[in-house]
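First the structure, in the form of structure tokens, and then the observations on it.
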Amino acid sequence: MRQAVDILRFETRRQGLVEITGEVSAWTARQGMANGLLTLYCRHTSASLLIQENAAPEVRADLEAFFERLAPEDPTLYAHDDEGPDDMPAHIRAALTPTHLCVPLIDRRLTLGAWQGVYLFEHRRRPHVREVALHLQGE
Amino acid sequence: MRQAVDILRFETRRQGLVEITGEVSAWTARQGMANGLLTLYCRHTSASLLIQENAAPEVRADLEAFFERLAPEDPTLYAHDDEGPDDMPAHIRAALTPTHLCVPLIDRRLTLGAWQGVYLFEHRRRPHVREVALHLQGE
Amino acid sequence: MRQAVDILRFETRRQGLVEITGEVSAWTARQGMANGLLTLYCRHTSASLLIQENAAPEVRADLEAFFERLAPEDPTLYAHDDEGPDDMPAHIRAALTPTHLCVPLIDRRLTLGAWQGVYLFEHRRRPHVREVALHLQGE
């Protein structure tokens with residue numbers, strides 16, 4: 001068994017889900033392993049990762065709207081607002097969704113289901129550069 | 001170090017938590033490793049995985065009721081309803097609970113706590129066959 | 001590649017986030033690996049783990065307050081109260097936050113972002129001793 005590590009950077013332009021399945025699959029394929037375990041790790045506390053439906057766009061819009069209702073931009077709710085009204089809701093939404101993902105690799109394919117995509121979930125309004133660390137082990 | 005991979009299938013009959021601790025422990029034991037890391041990965045976006053209390057059944061009923069209140073079957077809340085009113089709530093509940101679980105293996109035992117069970121969390125009303133990919137590495 | 005396993009114990013005194021970044025980083029450093037994957041696993045269903053902001057203390061207070069509103073100590077909401085009114089809210093809050101964390105190790109450093117800390121999230125009011133299993137693989 002061996003391992004590969006890397007850090008990928010993604011630019012986000014607004015709040016919401018950014019699909020990164022293509023970049024992640026391509027990086028994994030380049031490591032040339034047949035079976036193993038891929039781990040993605042988001043190095044931020046106001047962005048996160050998510051496996052979600054990759055077909056109907058309404059699913060992503062509904063999901064984003066759900067998190068806006070659950071942790072609203074309401075200054076009366078939070079003491080922390082160093083970086084504006086979207087600061088604390090971003091931390092809460094990041095706490096409720098994964099900081100890391102693990103996906104097994106079997107027979108040279110990530111075991112993503114037919115309708116699963118890998119997403120970076122940006123919780124801040126302004127554009128950001130987000131770093132995702134990757135670790136793949138296998139053979 | 002070596003690794004083992006597999007895909008297990010589970011039939012679900014209704015919404016809620018289905019305990020799979022027995023199947024998962026048995027599969028792990030068959031790989032004959034003493035120490036390592038087990039990863040379970042759910043290949044769906046309307047079902048998920050969860051480590052939860054395995055003693056009092058009321059805990060599971062209360063937990064299911066909580067998610068029904070948090071992401072209710074209310075068509076006025078969602079644009080997406082391709083597969084019925086339980087479609088979008090299922091995606092939301094799956095986003096709020098793990099798509100994958102990792103459990104260390106130490107001295108031939110998964111390090112599950114005394115009250116922890118491994119559950120498949122079905123978020124759709126109709127019966128489904130759900131696939132869980134397994135990856136175990138260790139020695 | 002090789003692996004190391006251990007179980008660390010942490011005392012909690014009240015509900016809330018307890019930072020364990022120092023203990024986790026020190027344990028990892030002692031294993032002497034340059035690259036790999038660290039997994040932390042919480043052996044409880046009324047405590048969990050979380051990567052969160054390690055700078056502004058208001059973030060942690062706001063986060064704790066959010067979970068108190070989301071899963072309140074309201075006996076009318078739950079059937080399960082074997083251990084008191086904080087029992088079932090603890091299980092729900094544990095279900096909404098990670099039971100395990102994975103963090104890649106690159107060039108002898110955990111890939112935690114500049115503002116990320118590792119926290120044990122105690123959901124019960126009374127003091128507890130909590131066990132966290134650790135698994136590190138790499139070389």
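Can you tell me which residue in the stretch A:1-55 is least open to solvent (accessible area, probe 1.4 Å), limited to those that are basic (Lys, Arg) and touching a residue at least 40 places away in the same chain (Cβ under 8 Å)?
Per the stated criteria, the residue is A:Arg43.
What's the number of the only condition in (1) open to solvent by less than 10 Å² (accessible area, probe 1.4 Å); (2) under 17 Å from the mean Cα position of the chain (by Cα) that C:Ala71 fails to meet?
(2)
Select from the stretch A:130-139 the residues that are at the interface with another protein chain (Cβ under 8 Å from one of its Cβ atoms) and crowded, with 21+ Cβ neighbours inside 10 Å and list them in ascending order.
Scanning the stretch A:130-139 gives A:Ala133, A:Leu134, A:His135, A:Gln137, A:Gly138.
Evaluate the stretch B:43-51: report whether one residue or more is within 11 Å of chain A (Cβ to nearest Cβ), assigned to a strand (DSSP E or B) and among the small types (Gly, Ala, Ser).
Yes, the stretch B:43-51 has at least one match.
Within the stretch C:61-79, track down each residue that is part of a loop (DSSP other than H, G, I, E, B) and farther than 22 Å from C:Cys42 by Cα.
C:Pro72, C:Glu73, C:Asp74, C:Tyr78, C:Ala79, listed by residue number.
Among the residues in the stretch C:25-33, are any over 12 Å from the mean Cα position of the chain (by Cα) and at the interface with another protein chain (Cβ under 10 Å from one of its Cβ atoms)?
no
Can you pull out the residues in the stretch C:114-129 that are open to solvent by less than 10 Å² (accessible area, probe 1.4 Å) and either of a type outside the set (Asp, Glu) or within 14 Å of chain A (Cβ to nearest Cβ) (or both)?
C:Gln116, C:Gly117, C:Val118, C:Tyr119, C:Leu120, C:Phe121, C:His123, C:Arg124
Restricting the first residue to the stretch B:73-102 and requiring it to be under 17 Å from C:Thr99 (Cβ atoms), which pairs with a second residue that is of a type outside the set (A, V, I, L, M, F, W, C) and open to solvent by 10 Å² or more (accessible area, probe 1.4 Å) meet a Cβ separation below 6 Å and a spacing of at least six or different chains?
So the pair list comes out as B:Ala94/B:Thr45; B:Ala94/B:Ser46; B:Cys102/C:His100.
Is the stretch A:95-116 home to any residue that is over 30 Å from C:Arg69 (Cα atoms) and of a type in the set (Gly, Ala, Ser)?
yes
Please go through the stretch B:62-109 and pick out each residue that is facing another protein chain (nearest Cβ under 10 Å) and at positive phi.
B:Asp107
Of the residues B:Leu8, B:Leu77, only one is among the aliphatic types (A, V, I, L, M) and under 17 Å from the mean Cα position of the chain (by Cα); which?
When all the criteria are applied, what remains is B:Leu8.
The values are calculated or read from the model by the stated rules, or taken from the named source; none is laboratory data. Because the structure is predicted, anything quoted here is derived from the model rather than measured. Virtual Cβ from ideal backbone geometry, glycine too; neighbours counted across all protein chains shown. Heads up: the accessible areas ignore ligands, DNA and RNA and are worked out on the full protein's heavy atoms, side chains in. Shrake-Rupley method; radii C 1.70, N 1.55, O 1.52, S 1.80 Å.
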